[in-house]
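Just so it is clear, none of the values below were taken in a lab; they were calculated from the coordinates. What you see is a predicted model; the values in this text were computed from it and never measured. FYI the Cβ positions are ideal-geometry reconstructions off the backbone, even for glycines, and counts take in every protein chain you see.
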Amino acid sequence: FPYRWWAVVVLAAFPSLGAGGETPEGPPESWTQLWFFRFLVNAAGYASFMVPGYLLVQYFRRKNYLETGRGLCFPLVKACVFGNEPKASDEVPLAPRTEAAETTPMWQALKLLFCATGLQVSYLTWGVLQERVMTRSYGATATSPGERFTDSQFLVLMNRVLALIVAGLSCVLCKQPRHGAPMYRYSFASLSNVLSSWCQYEALKFVSFPTQVLAKASKVIPVMLMGKLVSRRSYEHWEYLTATLISIGVSMFLLSSGPEPRSSPATTLSGLILLAGYIAFDSFTSNWQDALFAYKMSSVQMMFGVNFFSCLFTVGSLLEQGALLEGTRFMGRHSEFAAHALLLSICSACGQLFIFYTIGQFGAAVFTIIMTLRQAFAILLSCLLYGHTVTVVGGLGVAVVFAALLLRVYARGRLKQRGKKAVPVESPVQKV
């Protein structure tokens with residue numbers, strides 16, 4: 001039995017061994033390019049920051065630095081390790097959601113159209129560019145096949161830098177509540193967010209984009225499990241029902257759809273493991289952010305704190321690996337990639353702002369419906385642009401998944417109307 005599982009792990013980490021003589025799309029050049037090795041190297045780079053930081057936090061807490069500390073570094077240490085208790089006079093209430101009665105129905109409809117269009121354009125463009133960057137070559141000519149961009153961590157860094165700038169400008173230009181959370185607490189959500197984003201990009205080397213979208217839709221299940229473990233939440237019967245329907249729909253799609261061209265069972269297994277990693281890390285991120293919101297911060301402050309540590313972790317890891325310069329050189333060699341990466345980051349940052357505005361104006365239920373439809377459109381657009389095939393049974397599986405998601409929105413709305421406490425919606429701060 002142990003040897004059987006060991007064989008599965010070997011096939012996942014070394015996809016060329018199980019290819020059956022067929023070269024998978026985008027094979028690794030050497031063992032140092034294997035996804036499992038790169039994951040360990042990246043994790044070691046993040047640990048080189050997390051471990052010393054954790055030891056410093058424990059040292060300052062053990063020494064009771066908040067009571068005995070003095071000097072120029074005291075405000076910095078206090079903000080990073082202990083935080084600030086907000087005073088009642090310093091708290092700024094978040095802008096209440098505008099009700100339909102305050103404006104004309106036409107104006108409300110125009111705002112809803114604006115929000116829906118902004119979310120659809122931002123994230124559909126982001127999805128198309130993500131698949132283009134991770135699965136296609138750059139600089140191909142009649143005599144040269146070109147080269148592919150392989151460093152997912154560099155792409156994560158570009159997204160986080162622009163998001164950090166946008167969040168910082170929003171914090172400066174718009175009045176925010178007094179910040180009270182210790183800064184170091186953002187690092188946990190940031191670490192899981194970076195790892196989930198890396199797994200998401202890396203998985204596209206092994207599985208199709210429609211498979212990835214359905215995996216994201218099915219993360220409701222691990223989010224519920226994480227909620228049980230991290231937040232000790234209880235769930236209604238309809239939530240378990242919809243989670244089961246989502247599992248059935250995803251299984252129908254995966255079992256009925258044929259393999260992608262030039263793929264193998266081993267490469268597909270690698271993709272599924274990476275998708276499982278994405279879902280697990282992203283589920284932890286959502287639940288940890290929910291816990292951080294107890295400090296009464298705004299979504300923009302959360303966005304800034306998480307992206308600040310994300311930039312710190314990715315820059316440090318890339319510098320330790322010597323990959324930051326190589327990623328910059330790739331951008332210099334291929335201006336098309338530079339344009340795609342920049343547009344990808346812009347869509348990600350703008351999408352975050354549309355998320356905040358939509359939830360503030362219309363609530364989480366309307367936002368969830370828009371994003372659910374976006375996922376369905378993303379699958380359709382990917383199939384049209386990149387030639388993915390979906391069987392009839394696979395299409396029915398997709399329909400079951402999205403019907404279950406819409407059922408969740410409907411049931412949550414009914415609970416709210418009856419005055420019951422609905423299950424909190426996932427934190428929308430980090431979606432990509």
*asked:* Between Q321 and M106, what is 0.36 nm times their sequence separation minus the Cα-Cα distance? Round to one decimal in nm.
replied: 71.9 nm
*asked:* Can you give the FRET efficiency to the nearest 0.05 for Y386 and L241, using r as the Cβ-Cβ distance and R₀ = 30 Å?
replied: 0.35
*What FRET efficiency, computed as 1/(1 + (r/R0)^6) with R0 = 22 Å and r the Cβ-Cβ distance, is obtained for F293 and Q176, rounded to the nearest 0.05?*
0.95
_the stretch 108-173 shape via C-alpha gyration tensor axes, a/c threshold 1.5_ = oblate
*Put a dot 7 Å past each Cα toward the Cβ at L396 and V77; how far apart are the dots in nm?*
6.6 nm
_Cβ neighbours within 10 Å, averaged per peptide: list 271-281, 165-175, 371-381, 112-122 in order, most packed at the top._
271-281, 371-381, 112-122, 165-175
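Rank by packing, highest mean first: peptides 342-352, 132-142, with packing defined as the count of other Cβ atoms within 10 Å averaged across residues.
342-352, 132-142
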*When all alpha-carbon pairs of the stretch 187-249 are counted, what percent fall beyond 17 Å?*
54 percent
*Could you rank the peptides 186-192, 65-71 by their average count of other C-beta atoms within 10 Å per residue, with the highest value first?*
186-192, 65-71
*What share of Cα pairs, in percent, lie more than 14 angstrom apart in the stretch 303-354?*
66 percent
*Compute the Kirkwood hydrodynamic radius of the stretch 120-235, taking the inverse of the mean of 1/r over all pairs of distinct Cα atoms, and give it in Å to one decimal.*
17.5 Å
